[in-house]
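Report on the following structure.
The values are calculated or read from the model by the stated rules, or taken from the named source; none is laboratory data. Everything numeric here is computed off the predicted structure, so don't read it as measured data. So basically every Cβ, Gly included, is an ideal-geometry build from the backbone, and we count neighbours across all protein chains shown. To get the accessible areas, we keep the full protein, side chains included, count just its heavy atoms, and leave off ligands, DNA and RNA. Shrake-Rupley method; radii C 1.70, N 1.55, O 1.52, S 1.80 Å.
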Amino acid sequence: MAEQHARIVDLSDIPHNRRRGGDLRAMLTPTTVGSTSGFMGVAIVQPGERIGEHYHPYSEEFVYVTDGAFEVDLEGEPHALRPGQGLLIPLNTRHRFRNVGDTEARMVFHLGPLAPRPELGHVDTEETEGTAQAEVVS
């Protein structure tokens with residue numbers, strides 16, 4: 001295993017990812033910093049936007065809301081999330097996020113442990129505009 005080194009990553013250096021709705025920026029990952037136990041990022045969601053329903057078969061997800069007003073559906077049940085609140089999403093729990101406010105909403109997310117391969121870590125259960133566009137481009 002390669003030796004790890006501390007590394008600072010700026011949000012502006014991470015490409016936009018709108019494939020699943022919102023703008024998901026995976027900042028601290030095996031690719032960007034050589035992490036081995038999980039990854040961390042920021043979701044930036046504009047008013048009226050959503051992150052499509054999905055689940056993680058290998059990872060718990062930890063969420064911390066920094067700005068705006070979210071509503072999260074957990075197994076179909078809606079829950080309000082506001083700045084200063086954290087949420088643990090257990091393995092295999094279907095979830096989707098919506099910005100229900102009138103300003104940009106942001107949350108920090110961390111998933112761990114890592115899936116055996118990146119493509120196995122995230123299972124979409126509904127199509128969003130971004131997933132439909134990604135399928136056409138692929």
So what is the accessible area of the chain per residue, in Å², with the probe set to 1.4 Å?
58 Å²
Counting only helical runs of four or more DSSP H residues, what would the 222 nm mean residue ellipticity of the chain come to if each run contributes -39,500 (n - 2.57) and the total is spread over all its residues?
-2000 deg cm²/dmol
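Quick one: net charge of Pro90's neighbours, Cβ under 9 Å, K/R +1, D/E -1? Present the calculation step by step, with values, prior to reporting the outcome.
Values: positive: none; negative: Glu60, Glu61.
Here the charged neighbours net out to -2.
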Mind jotting down a quarter of the surface of the convex hull over the alpha carbons of segment 19-95, in square nanometres, one decimal?
5.3 nm²
Over the Cα atoms of segment 9-138, each weighted equally, I'd like the Debye log10 I(q)/I(0) at q = 0.09, 0.23 Å⁻¹, rounded to two decimals.
-0.23, -1.68
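So which chymotrypsin sites (Phe, Trp or Tyr not before Pro) in segment 7-67 are both in a DSSP loop and have at most 14 other Cβ atoms within 10 Å of their Cβ? Spell out each step's value before the answer.
Working: sites: Phe39, Tyr55, Tyr58, Phe62, Tyr64; in loops: Tyr58.
Sparse-neighbourhood loop chymotrypsin sites (Phe, Trp or Tyr not before Pro): none present.
Could you tell me what percent of the accessible area of the chain is made up of carbon and sulfur, with a 1.4 Å probe and every protein chain present? It would help to have the intermediate numbers written out before the result.
Numbers: 4250 of 7950 Å².
Whole-percent figure for carbon plus sulfur exposure: 53.
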